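Input: a single structure, listed below in structure tokens.
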Amino acid sequence: MKKILIFSLLFIISLVLVTCAEQSQHLSQNTSTSNPNSPLTIWWTKGFYPEEDEALQTVIKAWEQQAGLKAKLTLFSDDENLKQTLNALETENFPDIVYNRRLEFAINPKAAWEGKVAEVSDIIKPIKTLYTPSAIQSVYLYNQKSKKFGYYGVPLQQQTLHLHYWRDLLEEAGFQERDIPKDWNNFWAFWQEVQSQLRKQGKSDIYGIGLTFSSESNDTFYEFEQTLAASGIQLMNQQGELLVNNPEVRQGILDSLIWYTQFYKQGYAAPDSIDWLPEDNNINFLNRRLVMTLNPTLSIPASQKTDPDVYSQQIATIELPNKPNGEPMPNFVSIKQVITFKNSPHSQQAKSFLSFLAKPEILLNYLKGSAGRYFPVMPQLLSDPFWNNTNDPHLKVASEQFRFVAPLSSILFAPYSQIFAENVWGKAIEQVIVEGLSPEAATEMAIAEIQTIFAEWKVQE
């Protein structure tokens with residue numbers, strides 16, 4: 001009897017503790033909702049270098065002073081930021097503001113469709129004409145709940161692929177910049193020859209081609225999309241219809257996969273590039289393991305601004321080579337954006353912050369303060385002397401690139417964003433290089449996954 005009483009007492013105590021814990025957790029999750037005086041919560045991806053974070057903090061302080069409100073900034077790594085944001089979408093325990101480098105394809109299109117992202121048309125419409133068409137298109141998304149399109153997010157900045165190389169390594173191989181071919185096929189063959197010449201000098205750990213082959217890096221997707229574009233391969237027509245059953249398109253994907261993976265198989269790319277994360281091509285280039293590399297921002301030269309010799313004399317930035325048919329290569333742009341959620345704790349304050357951030361003068365100062373790693377999404381800002389400094393060898397080239405741009409297909413067609421989010425191309429590349437699948441088998445698997453993605457989105461729509 002005594003044991004029964006003891007067990008009963010313990011059960012009651014444990015039940016009370018669990019109930020209290022659940023109530024405490026519930027209160028904790030809804031503290032900001034029930035307390036209008038709590039600060040605006042901002043989740044942001046930590047910058048590649050301190051200037052980016054400092055520029056953001058300057059914007060937040062200016063908004064606090066103007067609005068008379070407080071904000072709490074939390075800086076995450078890109079991966080942790082994405083994980084936390086996805087968890088917030090699952091649990092519906094939202095922050096107020098989120099910025100992530102993968103937001104445009106990994107979160108926003110699907111979350112907007114589900115009706116979880118706040119529509120900000122009242123912010124975008126009055127300033128719509130200030131943005132590039134790609135920037136506007138990137139946040140013009142469909143909401144299945146409301147059965148209509150709207151603006152879900154504020155475009156912040158844009159990026160495209162840039163080519164960088166070491167001048168001194170090129171010279172050591174016996175070449176000058178004028179020797180670099182302007183056409184696609186000869187361009188890549190040239191860097192293979194550069195590596196071969198350096199190998200003859202005993203430089204066994206320097207690679208001529210700095211492509212990324214990992215499914216864990218967004219760079220792989222950007223680079224393979226550029227490869228498809230070189231051959232004129234488009235997976236969709238202007239009506240948004242999938243073309244992968246077209247024999248020419250299937251063959252084009254296969255040929256591009258063979259072409260891309262050959263550099264790794266033939267030893268012209270670093271062996272560890274199959275495991276690279278987004279920052280690893282930066283690291284390996286700056287450690288002088290790569291003669292040439294591609295990067296979707298200007299973070300490589302921008303990180304060296306404190307060393308004028310390295311920045312201005314040693315690292316060079318050049319435009320992409322022409323297509324094999326001689327036509328100019330389009331520079332595909334990706335648009336980085338900021339969102340708030342429909343059920344964010346401070347919805348009005350969040351829109352106040354986004355409105356403030358979208359002011360051209362604020363955006364300009366933020367981008368300049370971030371050392372010019374990204375470029376403006378407002379054409380008028382591109383006329384600022386910062387991006388037209390003819391003495392800056394990197395900004396000068398990049399500015400020319402942004403005069404001839406095309407949106408990635410993930411901007412134009414929401415289902416394509418899922419191809420990006422799943423990094424279908426990166427997985428196909430790894431299947432060929434790591435798993436030993438034939439390019440034909442990897443191509444068929446990639447096409448099957450793309451078809452599945454589009455079928456799921458068709459059901460959604």
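The values are calculated or read from the model by the stated rules, or taken from the named source; none is laboratory data. Source: prediction; values computed, not measured. Note: ideal-geometry Cβ built from the backbone for every residue, glycine included; neighbour counts use all protein chains shown. Just the protein is used for accessible areas: all its heavy atoms, side chains included, with ligands, DNA and RNA removed. Shrake-Rupley method; radii C 1.70, N 1.55, O 1.52, S 1.80 Å.
General remarks:
- The H on the amide N of Tyr99, modeled in the peptide plane, is under 5 Å from the matching H of Trp43, Trp44, Thr45, each at least 5 residues off or on a different chain.
- Gained length - Lys148 relative to Thr306, 0.36 nm times residue gap less alpha-carbon distance: 52.0 nm
- Solution diffusion estimate, µm²/s, Stokes-Einstein, region 355-461, Kirkwood Rh from C-alpha pairs, 4 °C, viscosity 1.567 mPa s: 75 µm²/s
- Taking the DSSP bridge list for the chain and keeping only pairs wholly inside it, about 60 percent are antiparallel.
- Database remark: amide H of Tyr207 closer than 5 angstrom to the amide H of Leu290, Val291 (H placed geometrically; neighbours at sequence offset of 5 or more, or on other chains; Pro and chain starts carry no H).
- Arg102 - accessible surface, heavy atoms, 1.4 Å probe, Å² rounded to 10: 40 Å²
- Qualifying aspartates and glutamates (Cα of each under 15 Å from Cα of Lys305; at least 8 residues distant if same chain): Glu51, Glu52, Asp392
- Estimated [θ] at 222 nm from DSSP helical runs (n ≥ 4, -39500 (n - 2.57)) normalised by residues in the chain, nearest 500: -14500 deg cm²/dmol
- Along each principal axis, Cα extent of region 207-326, largest first, Å: 51, 29, 26
- The calculated FRET efficiency for the pair Gln380 and Ala67, based on their C-beta separation and a Förster distance of 30 Å, comes to about 0.75.
- Links that overshoot a 21 Å alpha carbon limit, given the list Lys128/Lys148; Lys110/Lys342; Lys83/Lys116; Lys46/Lys125: Lys46/Lys125
- Pairs of alpha carbons in region 271-384 whose separation is greater than 19 Å (percent): 63 percent
- Per residue value of the accessible surface for the chain (all protein chains in place, 1.4 Å probe), Å²: 45 Å²
- Ellipsoid semi-axes for the chain, based on the Cα gyration tensor and the rule √(5λ), read 41, 28, 24 Å when sorted largest first.
- Carbon and sulfur %, accessible surface of the chain computed with the full protein complex present, 1.4 Å: 52 percent
- Net +/- balance of residues flanking Asn81 in space, Cβ distance below 12 Å, scoring K and R +1, D and E -1: +1
- Dipole moment magnitude, nearest 20 debye, the chain about Cα centre, only Lys, Arg, Asp, Glu C-beta charged: 1360 debye
- Accessible surface for Asp275 stands near 110 Å², nearest 10, in the context of the full protein assembly shown (1.4 Å probe).
- Counting only Cα atoms, region 330-400 measures 47, 26, 18 Å along its principal axes, largest extent leading.
- Kirkwood Rh (inverse of mean 1/r, distinct Cα pairs), region 183-237, angstrom: 13.2 Å
- Taken about its Cα centre, region 164-314 carries a charge dipole of roughly 320 debye when the Cβ of each Lys and Arg holds +1 and the Cβ of each Asp and Glu holds -1.
- Here's how it looks for Lys336: its modeled amide H is under 5 Å from those of Leu156, Gln157, Gln158, Gln159, which are all 5 or more places away or on a different chain.
- Helix runs (DSSP H) in the chain reaching 18 Å along axis by Cα, Kyte-Doolittle at least 0.0: 2-29, 439-460
- For region 283-408, the Cβ-based charge dipole about the Cα centre amounts to some 440 debye (Lys, Arg positive; Asp, Glu negative; other atoms uncharged).
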